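Please read the structure below before turning to the comments.
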Amino acid sequence: MSGADGFGDSLGLNTLVRLGRRRHAPGPTPLRLPVPEGMTAPLGCDAVAVPDLIGQQIVPRLPRMGCVYADGSRWWWIVPSDSDYALSWPAPAHYAPGALVPRAARLIHRSEGTVPYTPPIPLYLALCRVTGTTPDWSRSISA
């Protein structure tokens, strides 16, 4: 049933998760990293930020780089939406759903092709390598 009685108008789990992620603390309005002209983002956009010095160390470890933005102290890597699903990005990385960032950033690397994404798993592994963090799936499970 659907309609005025409210049955059938329920929100799915994916919708609830996305709505929860879009809530943010009071403060300055975040800015969305723009997708460069001529590109499309069929998988949505999130962003992963790392300090600029770590970003420079990650670059040679990636098989392919998507669009990367810099805001003066951090590099922001565009990844497909939900690239944090079942994955904890290691410190000092910051995951930004919706590619919402606290201040303006400029494009420092444009992806080849028509999509802005850096593949998230190679980015995650490169970040783990540079920070000396064991990837989540390699950690032992304690009882």
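Computed from the coordinates by the stated procedures, all read-outs in this text should not be read as laboratory data. Note that the structure is a prediction, hence the values are computed from the model and not measured. Every residue, glycine among them, receives a Cβ derived from its backbone with ideal geometry; neighbour counts consider all protein chains shown.
Details
- Qualifying chymotrypsin sites (Phe, Trp or Tyr not before Pro) in segment 49-143, where qualification requires a DSSP coil assignment and no more than 15 other C-beta atoms within 10 Å, comprise Tyr85.
- Backbone N within segment 30-74 under 11 Å of label point (7 Å from Arg103 Cα along the Cβ vector): 71-74
- The H on the amide N of Arg74, modeled in the peptide plane, is under 5 Å from the matching H of Asp52, each at least 5 residues off or on a different chain.
- Residue-wise HN-Hα coupling along segment 106-113, computed from phi with Karplus coefficients 6.51, -1.76, 1.60 (Hz; x: Gly, Pro): 10, 6, 10, 8, 9, 4, 6, x
- In nm, spacing of pseudo-spin labels at Gln57 and Arg129 (7 Å Cα→C-beta vector): 1.2
- Computed magnitude of the charge dipole of segment 84-143 (debye, nearest 20; Cβ of K, R +1, Cβ of D, E -1): 200
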